[in-house]
Amino acid sequence: MKSIELLPTGKNIIDNIYKDPFHRNKEIMAFLEMLTTIEGHFSISIDGKWGSGKTFFVKECELALNVLNDENGLDSEKRSKVLHSLDFSKDDLKKKLKKQKCIYFDAWANDSYDNPIIAILNTLISSQSLLKQADIKQLTSTLEKLTESFFSNKVGIDLTLLKYAMKPKEVEDFQEQVSLHEYIKKVINNLTRKDQRLNIFVDELDRCNPRFAVKLLEQIKHYFLLDNVTFIFSTNILELSKTINKFYGNDFRGDKYLNRFFDLSLSIPEIDADSYFDYLISENSLLVYIKNELAIIKFLNMSLRGINNFIANNRIIDYMKLENNPEIFTQVHKTIYMDIVWSVVPILIGVRTVNYSSYAELLSGKNEKLFANALEHTEFWNLLRYDASASELLSLCNLDKNNTIEDNKDNIVKTIYDKLFVTTLNRNQVKTKSDNFWYAVNQNLNEVLKTISSNFHFE
């Protein structure tokens, strides 16, 4: 299995643009092109579930813009990789994008600040890529001349958080008292040229404490109404609405409240599960249990994070070793046994990865419907196309061997689920060849359950 960290590190961001495992490069370019059409103050929300890759998406957009503006510090090889992987063939688009500067603000990492506006300003003036273009002396002097009393009276904050963010050896006196509105405007103007827009990507807002999240939204709306600034919030709108409700009360309509802040709402593009799965695995994709893994990923509609954890959990299991069960003697029984194990194990691991309560229901014999639906998506039924296997499975399920598998699907599922999770046998209860078969399957499943219980990654 190829290793890919879930954390959006610089290396992973570059690799994802270069290899495009999420198939999102086209969406990145479409989004960047849209940014060039915006005029006046503007706010965008990019909605996506937790683990859907929102942070990767906005950081890839940030990297692309910084590469175009030579503000990323990448060596020539990495810079060429990015430029080659994204379609910057339109000269007019490239020219427009060079007028788009950007900064990434992790709201969750900053929600310990009493006042969100200070966290944003601190990020702005501390950004190395932006400071290359800033008038550092003027900016620092402005910070020094704004008195503690002014900030305390206006917004109740401590100047020292900003005062020491950047302090060069020599600064010129800059005798000016400004309002907070004017101060923010001066900061933005110092970070952009006359014809440039600043795009501020605000990430992880839905994970912040409710007070910080609400205050950040309201302070941005109040203080950042600047014609050359676009705010892009990458967030889980449903979870953010719940956060708003926690602050104002459960009867409050968080979704309507949020509509006040976003001029445009977008959804994160769905990842291409097939391509991403192929990118991660190193085994032969034609192996039955590998096919079943992909089938369960699609059935459970796993997020990017869920896919990563699901595959990691499956690699704990040696599927080839499961084939060797001395309790099973006949070749036909071995075939059916492997078909069951290679289908059921990915189902159990998949359900446990995304929803532990559903997993507990499966194991306790209380969710046959979920088991049946999941089994339908695997290769299980396809492997029973051979008459000997089909006939013997009917026999193992105490069904008429002269019937067809198709006519007995419900009864087969019910029997398998019952034998594995409801009326399991112990050694003393084994009386027949059929009993021996189900006992052997259970023994292997128990070993698998012990393994995954001690080494598991949840979504």
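The values are calculated or read from the model by the stated rules, or taken from the named source; none is laboratory data. Quantities reported herein were computed from a predicted structural model and do not represent experimental measurements. Here Cβ is always computed from backbone atoms with ideal geometry, including for glycine, and neighbour counts include all displayed protein chains. All accessible areas refer to the heavy atoms of the entire protein, side chains included, with ligands and DNA or RNA removed. Shrake-Rupley method; radii C 1.70, N 1.55, O 1.52, S 1.80 Å.
Quote the charge dipole size of region 42-110 about the Cα centre in Debye, to the nearest 20; the model charges only the Cβ of Lys and Arg (+1) and of Asp and Glu (-1). Show your work: numbers first, answer last.
Numbers: 13 positive and 11 negative charges, 36 e Å.
That gives region 42-110 a dipole magnitude of about 180 debye.
Any idea what Rg and Dmax come out to for region 278-377 if you just take the C-alpha atoms, in Å?
13.8, 41
Computing the accessible area with a 1.4 Å probe over protein heavy atoms, can you report the carbon and sulfur percentage for region 336-430?
Details: 1860 of 4410 Å².
Carbon plus sulfur share of accessible area: 42 percent.
Report the charge-dipole magnitude of region 330-459 in Debye, nearest 20, computed about the Cα centre from +1 at each Lys and Arg Cβ and -1 at each Asp and Glu Cβ. List each step's numbers first, then the result.
Numbers: 13 positive and 15 negative charges, 91 e Å.
Dipole magnitude for region 330-459 comes out near 440 debye.
Would you work out what percent of the accessible area of region 211-290, with all protein chains in place, is carbon or sulfur (probe 1.4 Å)? Kindly include the intermediate steps, with their values, before the conclusion.
Numbers: 1890 of 3910 Å².
In region 211-290, the share of accessible area belonging to carbon and sulfur is 48 percent.
Using the Cα centre as the reference, give the magnitude of the dipole from point charges on the C-beta atoms of region 1-66 (Lys, Arg: +1; Asp, Glu: -1; all else neutral), rounded to the nearest 20 debye. Let's see the in-between values first.
Numbers: 8 positive and 9 negative charges, 61 e Å.
Around 300 debye, computed over region 1-66.
Going by amide H atoms built from the backbone, whose H comes under 5 Å of the H on Cys102, apart from near neighbours?
When sequence neighbours closer than 5 places are left aside, the close amide H contacts are Asn199.
Would you please name the GluC sites (Glu not before Pro) within region 1-82 that are DSSP coil residues with at most 11 other C-beta atoms within 10 Å of their C-beta?
Details: sites: Glu5, Glu27, Glu33, Glu39, Glu60, Glu62, Glu71, Glu77; in loops: Glu5, Glu39, Glu71.
Here the GluC sites (Glu not before Pro) that fit, given the DSSP loop and packing criteria, are Glu5, Glu39.
If I stretch the segment between Lys414 and Lys90 completely, what's the gain in nm (0.36 nm per residue apart, minus their alpha carbon distance), one decimal? Kindly include the intermediate steps, with their values, before the conclusion.
Details: separation 324, 0.36 × 324 = 116.64 nm, distance 5.93 nm.
This chain segment gains 110.7 nm when fully extended.
Which pairs in the list Lys19/Lys98; Lys99/Lys215; Lys26/Lys369; Lys19/Lys242; Lys49/Lys98; Lys101/Lys256 are over 28 Å apart, alpha-carbon to alpha-carbon?
Numbers: Lys19/Lys98 24 Å; Lys99/Lys215 30 Å; Lys26/Lys369 39 Å; Lys19/Lys242 36 Å; Lys49/Lys98 31 Å; Lys101/Lys256 31 Å.
With Cα atoms farther than 28 Å apart: Lys99/Lys215; Lys26/Lys369; Lys19/Lys242; Lys49/Lys98; Lys101/Lys256.
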